[in-house]
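Have a look at the structure below, then the notes.
The values are calculated or read from the model by the stated rules, or taken from the named source; none is laboratory data. Computed from a predicted structure; not experimentally measured. Note that each Cβ is placed from the backbone with ideal geometry, even for glycine, and that neighbours are counted across all protein chains shown. Side chains included, ligands, DNA and RNA excluded: accessible areas come from the protein's heavy atoms. Shrake-Rupley method; radii C 1.70, N 1.55, O 1.52, S 1.80 Å.
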Amino acid sequence: RSLPRRYRGLTLVLTFLCYTSYHLSRKPISIVKSQLHPNCSALGPNPRNNSNSSTWCSWAPFDGDNYKELYGALDNAFLVAYAIGMFISGIFGERLPLRYYLSGGMVLSGLFTALFGLGYFWDIHVLWYFIIVQVCNGLVQTTGWPAVVACVGNWFGKGKRGLIMGIWNSHTSVGNILGSLIAGVWVSSAWGLSFIVPGIIIGAVGIICFFFLVEYPEDVGCSPPLHHDAGGVTSTEKDPEAVTSNEGPLSISGQSSADRSDSPKEPAEEPKAISFLGALRIPGVVEFSLCLLFAKLVSYTFLYWLPLYIVNVAHFGAKEAGDLSTLFDVGGILGGIFAGLISDYTGGRATTCCVMLVVAAPVLFLYNHVGQNGIGTSIAMLIVCGALVNGPYALITTAVSADLGTHESLKGNAKALSTVTAIIDGTGSIGAALGPLLAGLISPTGWNNVFYMLIAADVLACLLLARVVVKEVRGWCGCIARKRGSSVQLTESVLDGK
């Protein structure tokens, strides 16, 4: 009985570390931006008389007045490649061993992350070098999310999936926090190390993953998890006829599945991996994908631009701004857990997301106007913003993706989870690419306009879920009506008995 629990725990820990390292390697670029084009006048007189007195300390080619547009190009190179690659990645993830796919992608990601940092030590000042490295890194990082969600989905049923994945999804924020802190150590002295060290870390975790990750419960003699459909019917991924109690997989007679495996039976046909169009037909996939597009637009704009915003508006140094920006990710951890817990209790994934998105819009407005009025206010507002912005994003990319990847319409076919996850996160990654790009284009006109763009994105994300929310509310109303009808019938039968 303890064997499945041990492997479930191992799977959670390993996939947590894997995706923590993915985000750890993405974060340094947002910290280093403030160092590529710092305020040179604050550093003293120009020691090089033959260079521009106002940009002598900047790193070419980011020493011009268009440096924000170049930052946007760097972000966009990574995120567009990531969005395009994600749609392909899910298809490969269903057809290749997840352990090889995930660990190989992590090692390659570590290589390209380190190559960006080596540009500092090799004294490279060509924009295309950094762009190409970002594109390659964006492509290989698509191996991560479909693989880790598929692994967790293979081991856990729907019962407490929202809470479990809400806690597990804190790897995103933990990775951002660690990436900020690690990058901050060298950002002012040798910013190349801010990339090289995270690159080594993700590569090392990838090697650990290769040796210890278990993809399926069946690989170690455990039974697959239970999945409850909307009608309350319980089924397993691999064997729809199997029934599992708290004590383990049992048949009707109480005989274990291991014992039954000795009896002769027809060999089960291996289900085929779902097609891209087949995954799109699953109810809810399109709505949640489009919602995530705008939700991730907001989240990734904060991920890539928050430290620079704090430097420009609150006038902190690069390291202090990076450290302060981690509070947004602390809020993200709390928001993801809260969203998962509430959605498990109510059964309303879409409604939970919609309510948090509605509340996030005015909170973003307040943060922009009063968030820098004091360190206490700034800390509180960053945590609240992080919870409301990242809560829906975390819920959709984890529990919702796993729910839809094991939807009852699939009739127990487990080979859809990676594809569905890739479609949802790939669509969201389009928003992740647009957000930092738009921020780079809009920020020269004023930070107020950037926040108006973020608020509009939150509202659109909420509206795109309206149909699913209405369906959930109708389901609740129908359930209440049935309960009331049962109560009335019970009362009448009691009175008749009297």
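Packing here is the average count of other Cβ atoms within 10 Å per residue, and on that basis the peptides 183-191, 309-317, highest first, run 183-191, 309-317.
Pop out the carbon and sulfur fraction of the accessible area of the range 292-409 as a percent, whole number, probe 1.4 Å.
Working: 2680 of 3610 Å².
After summing per-atom areas, the C and S share lands at 74 percent.
Working from Cα pairs under 8 Å separated by at least six residues, relative contact order for the range 286-388 is 33 percent. Using a simple spin-label model with pseudo-atoms 7 Å out from Cα toward Cβ, VAL358 and THR377 lie 2.8 nm apart. Rolling a 1.4 angstrom probe over the protein heavy atoms with all chains in place gives the range 56-138 an accessible area of 40 Å² per residue. Annotation: peptides 122-128, 464-470, ranked by per-residue average of other Cβ atoms within 10 Å with the highest first, follow the order 464-470, 122-128. Just the protein heavy atoms count here, and of the accessible area of the range 51-104 at 1.4 Å, carbon and sulfur take up 61 percent. Taking the range 95-137 and a reference point 7 angstrom along Cα→Cβ of ALA60, the backbone N atoms nearer than 13 Å belong to 123-127.
With an 8 Å cut-off on Cα pairs and a minimum separation of 6 or more residues, tell me the relative contact order of the range 76-225 in percent. Walk me through the numbers on the way to the answer.
Working: 176 pairs, mean separation 59.6, N = 150.
Value for the range 76-225: 40 percent.
Using the average count of surrounding beta-carbon atoms within 10 Å as a protection proxy, the listed peptides 418-428, 298-308, 328-338 rank, highest first, as 418-428, 298-308, 328-338.
Over the range 156-222, with the other protein chains present, what is the accessible area per residue in square angstrom, probe 1.4 angstrom?
Using a 1.4 Å probe on heavy atoms only, each residue of the range 156-222 averages 37 Å².
Suppose a student asked you for the relative contact order of the range 82-168, using Cα pairs under 8 Å spaced at least 6 residues apart; what percent would you report? Kindly include the intermediate steps, with their values, before the conclusion.
Details: 56 pairs, mean separation 39.9, N = 87.
Relative contact order here is 46 percent.
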